[in-house]
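Scroll down for the structure; my scribbles are underneath it.
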Amino acid sequence: WQKMVTAGSILIASIFPLISFYAERLRKEDELQVFPKDPSDLGLPVYEEFDFIIVGGGTAGCILANRLSEKFSVLVLEAGGEPPPIQDVAIINTISRHAPEINFLYQSQPERNAARDQNGHVTISGGKMLGGSSSHNYMIWERCNPYDFDSWANITRDESWKYDNILKYYIKIENYTGIFPADEGKCVPNKL
């Protein structure tokens with residue numbers, strides 16, 4: 001039992017150094033990919049022109065970039081770069097999501113009756129990597145509640161916001177590969 005506890009402690013202690021290592025390595029690879037060095041330019045970065053520049057490589061930024069790149073050249077600027085490989089292990093997200101290399105770790109204003117164990121400050125997760133917060137969201141895909149969409153349609157008096165009209169866009173970005181039928185309401189992984 002003590003050996004298991006010791007091995008678990010070593011594993012947990014190694015997560016943050018692994019994230020730091022991969023974050024820095026992937027950041028350098030991203031930089032070389034975006035700004036390749038050309039010997040004739042004395043090592044100065046070569047700049048390209050883009051039709052669109054998207055700031056933020058979260059879920060929405062990646063979807064937008066993907067759609068625009070079908071007809072235009074697109075540059076996505078993301079503060080954190082590629083998610084470290086350790087993010088592919090859902091259970092480790094409970095620990096790794098607190099690493100500042102991959103999470104902005106925003107703090108709320110102090111509240112007298114909230115988060116009393118943290119002096120009223122609530123840590124708000126904000127993914128600092130491609131995929132944004134979705135990259136450390138325990139690999140969970142969720143659709144918004146249909147009632148919310150229908151409410152927005154009523155508030156804006158715009159029928160295009162109704163859930164039945166939005167559903168086709170959800171389906172367009174989903175790629176369910178699980179063992180259960182992909183019926184309405186099932187958790188569906190994103191193919192981005």
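For the residue pairs 71/172; 28/172; 71/162, the C-alpha atoms sit more than 25 angstrom apart in 28/172; 71/162. You can think of it this way: the chain between residue 98 and residue 112 has 2.7 nm of extra reach, that is 0.36 nm per residue less the Cα-Cα gap.
Applying 1/(1 + (r/R0)^6) with r as the Cβ-Cβ distance of residue 32 and residue 140 and R0 = 35 angstrom yields a FRET efficiency of 0.60. Is there a quick way to get the dipole size of the stretch 113-172? I mean about its Cα centre, with the Cβ of Lys and Arg at +1 and of Asp and Glu at -1; what is the value in debye to the nearest 20? Charge dipole of the stretch 113-172: 200 debye, to the nearest 20.
Across the stretch 55-61, computed HN-Hα scalar couplings (Karplus, 6.51 cos²θ - 1.76 cosθ + 1.60, θ = phi - 60°) run 8, x, x, x, 4, 5, x Hz from first to last residue, x flagging Gly and Pro.
Taken one residue at a time, the phi angles of the stretch 96-109 give Karplus couplings (6.51, -1.76, 1.60, θ = phi - 60°) of 5, 5, 8, 7, x, 5, 10, 8, 5, 6, 4, 10, 6, 5 Hz. Gly and Pro are set to x.
With R₀ set to 35 Å, the beta-carbon distance separating residue 49 from residue 173 gives a calculated FRET efficiency near 0.80.
Solvent exposure of the stretch 41-136 amounts to 62 Å² per residue of accessible area, where only protein heavy atoms count and the probe is 1.4 Å. Amide H contacts under 5 Å for residue 103: 128, restricted to partners 5 or more places along the chain or on a different chain, H placed in the peptide plane at 1.01 Å from N.
Count the net charge of all other residues whose Cβ sits under 14 Å from the Cβ of residue 15, scoring Lys and Arg as +1 and Asp and Glu as -1.
Numbers: positive: 97; negative: 88, 101.
Result for the local shell: -1.
With just the Cα atoms defining each centre, how far is the stretch 119-159 from the stretch 57-117? Give it in Å. So the separation of the two Cα centres works out to 13 Å.
Between amide H atoms placed 1.01 Å from N, distances below 5 Å from residue 54 occur with 75, 76, 77, all of them 5 or more places distant or on a separate chain.
The values are calculated or read from the model by the stated rules, or taken from the named source; none is laboratory data. Quantities reported herein were computed from a predicted structural model and do not represent experimental measurements. Positions of Cβ are generated from backbone atoms using ideal geometry, with glycine treated the same way; all protein chains shown enter the neighbour counts. The accessibility values were calculated without ligands, DNA or RNA, using every heavy atom of the protein model including side chains. Shrake-Rupley method; radii C 1.70, N 1.55, O 1.52, S 1.80 Å.
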